[in-house]
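Heads up: the structure comes next, in structure tokens.
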Amino acid sequence: MGSSSIAGTGPHARLAMRLVLFVLIGALIVAVSACTPIIRYHGYAPTDVELKTVEVGKDTRETVEEKIGHPSAEGLLNDDAWFFVQSRFQQKGLKPMTEIDRQVVVISFSESGTVSNIERFGLQDGNVVVLSRRVTESNIKGVSFLRQLMRNMGRMTTSDIVGSNSPGP
């Protein structure tokens with residue numbers, strides 16, 4: 001018998017060392033890739049550069065569609081606004097995918113069909129935040145009934161609720 005097989009430096013020992021090294025490198029690659037986050041984008045929201053091409057009070061639905069495309073959603077009850085929604089999701093390892101960012105661009109149209117307002121909303125710390133707004137006129141169009149009601153609750157007095165038409169002496 002040769003001395004190489006006794007010392008553990010024979011062809012089988014070298015093959016076993018290579019196999020162990022290969023498995024360790026493979027495990028290291030899998031561990032590092034499992035820690036790398038996977039980012040996915042859903043939807044589309046125009047950039048600020050694209051939105052600067054849209055002129056409030058001048059552009060119509062047709063020209064907005066030519067400049068930035070058709071929205072992913074429109075006003076449900078009436079066609080007075082277009083909504084562009086883009087979400088960014090992240091997944092790390094075996095954890096479930098979580099939403100880490102959301103951008104909502106709302107383009108409102110006047111009754112004549114021209115752009116009346118452009119707003120961008122974001123999702124910071126779970127709260128919807130206005131990121132930018134371009135408005136031509138102030139009105140309550142688009143403000144929900146509940147929001148109007150809650151806004152007026154602080155302005156009411158007891159006489160408003162009970163009525164000030166009490167019989168005189």
Only Cα pairs under 8 Å and at least 6 apart count here; give the relative contact order of segment 29-122 as a rounded whole percent. 31 percent
So what's the net charge close to Y41: Lys and Arg +1, Asp and Glu -1, counting the other residues with Cβ under 13 Å from its Cβ? +1
Note the full-extension length gain between A16 and S87 as 0.36 nm times their separation in residues minus their Cα-Cα distance, in nm to one decimal. 20.7 nm
From the phi angles alone, apply the Karplus equation (6.51, -1.76, 1.60; θ = phi - 60°) to segment 90-103 and give each ³J(HN,Hα) in whole Hz, x where the residue is Gly or Pro. 10, 10, 10, x, 8, 5, x, 5, 10, 7, 10, 7, 9, 10
Neighbours of T98 by Cβ distance under 12 Å: Lys/Arg at +1, Asp/Glu at -1, summed charge +3
Long-range amide H partners of G57 with built H, under 5 Å: V115, S116
Under 5 Å from the placed amide H of D80, counting only residues 5+ away or on other chains, we find G75
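Values quoted throughout were computed directly from the atomic coordinates according to the rules given, and no laboratory measurement underlies them. The structure displayed is predicted, hence computed values, not measured ones. Here Cβ is always computed from backbone atoms with ideal geometry, including for glycine, and neighbour counts include all displayed protein chains.
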